[in-house]
1. Please calculate the 1.4 Å probe accessible area of residue 224, with all protein chains present, and give it to the nearest 10 Å².
2. For segment 111-207, build the charge dipole from Cβ charges (+1 Lys, Arg; -1 Asp, Glu) around the Cα centre, then report which of 117, 174, 131 sits farthest towards its positive end.
3. Order 55, 138 by their accessible area, 1.4 angstrom probe, all chains in place, largest first.
4. Which percent of the accessible heavy-atom area of the chain goes to carbon and sulfur, probe 1.4 angstrom?
5. Give me the dipole magnitude in Debye, nearest 20, for the chain about the Cα centre, with unit charges on the beta carbon: positive for Lys and Arg, negative for Asp and Glu.
6. List the chymotrypsin sites (Phe, Trp or Tyr not before Pro) within segment 90-171 that DSSP assigns to loop and that have no more than 16 neighbouring Cβ atoms inside 10 Å.
7. Sorted by accessible area (1.4 Å probe), largest first, how do 307, 4, 259 line up?
8. Would you tally the net charge around residue 69, using a Cβ to Cβ cut-off of less than 11 Å, leaving residue 69 out, and scoring K and R as +1, D and E as -1?
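The values are calculated or read from the model by the stated rules, or taken from the named source; none is laboratory data. Fair warning: this is a prediction, and the values are worked out from it, not measured in the lab. Neighbour counts run over all protein chains shown; Cβ positions are idealised from the backbone, glycine included. Side chains are part of the model used for accessible areas, which takes the heavy atoms of the whole protein and leaves out ligands, DNA and RNA. Shrake-Rupley method; radii C 1.70, N 1.55, O 1.52, S 1.80 Å.
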Amino acid sequence: MAYRKDGKQQTITYGPYPIISLVEARAERDKSKGKLLKGENPSPKAKNSASKSFKEIVLAYWETRKDVSQSYKSRALNGITNHLYPTLETKKITEITDEDLLNAFLAMDAKGLHVFVRKVRMWVSQVFAWAVANRYVKENLAAKIDPQKAFGRTRAKSFAAVEITEIPALMQRLACEDQNLQSILANKMLNLTWVRTNELRMMEWSEIDYKNKLWRIPAEKMKHRKDHLVPLSKQALKILEKMTARSRGSKYVFAAEHRLDRPMSENAILYLLHRIGYKGKMTGHGWRSVGSTWANENEYNRDAIERQLAHSPEDKTRAVYNRAEYLPLRAKILQDWADWLDMAIQA
């Protein structure tokens with residue numbers, strides 16, 4: 001049967017004669033014409049998007065994303081759920097208009113979420129691109145929205161970090177806390193390794209190489225999706241010894257207090273710093289900045305410092321070289337830094 005749909009000539013084949021009789025073929029033809037009258041594509045190869053809601057398409061797309069970490073997928077789904085589902089969740093994907101999508105984004109922008117709205121737009125654009133490729137919709141509505149023109153801006157702010165000269169006072173204040181608190185131990189491990197807070201939260205026992213005194217972080221947990229080696233100082237190994245003693249069978253080194261299948265709260269370290277009087281002055285991420293400043297001021301190799309921070313050079317050959325060549329030096333930097341922090345408490 002030949003027919004036109006969306007201005008395109010198409011054909012449906014019902015099967016070979018005489019296996020499919022003329023009577024059967026005519027019956028199938030009538031069904032096809034009925035679908036055309038309803039605005040549907042009668043081809044068995046065509047996707048029937050009429051029954052697909054925005055939520056169904058979103059979930060279907062993210063189910064295909066096996067190349068990203070679970071935490072990244074959760075952030076994307078939470079962003080879409082919290083900010084777009086209130087107005088778009090049950091709408092058919094084909095019924096959503098440019099205005100519907102833009103209004104949902106502008107509602108986020110009006111709340112001051114100038115940075116996050118750009119991320120959500122990117123995630124939704126990926127959803128629509130997949131929907132286009134799978135013939136659920138004809139165009140990517142999210143891609144048509146220019147974030148530079150549509151959304152506001154906030155002045156970029158670095159993660160709060162104290163000055164090097166303020167470290168002794170901070171270390172002394174932290175020493176007044178119960179040293180067996182998980183937040184205290186996690187904060188120590190963070191300042192001893194220069195990793196990002198989320199990388200520390202997701203730290204697993206299986207990643208610890210005690211023989212070589214290394215923490216091997218797999219690529220899927222890293223911001224730039226590259227394996228990262230973290231030398232473990234004597235002080236870091238002592239923290240792991242403490243955490244081993246209090247381990248309750250979780251795969252996570254720093255597991256949630258009441259859920260062994262989950263890592264500790266992403267705000268645990270931040271709340272600790274807030275509680276001891278450093279709100280707006282210091283963050284968990286700030287340890288990376290402080291450690292980098294200390295190492296640069298003490299004239300350690302800059303490439304080794306950048307590699308320890310997991311800042312990969314654009315030159316891929318150089319990146320491989322750095323990873324192999326600077327590991328002993330990176331181990332020395334982190335051990336010297338750990339010793340300096342110990343002395344800072346006595347300053």
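1. 90
2. 131
3. Reading off the accessible areas and sorting them downward yields 138, 55.
4. 52
5. 1080
6. Passing sites in segment 90-171 are 159.
7. Final ranking, largest accessible area leading: 4, 259, 307.
8. Combined, the nearby Lys, Arg, Asp and Glu give +4.
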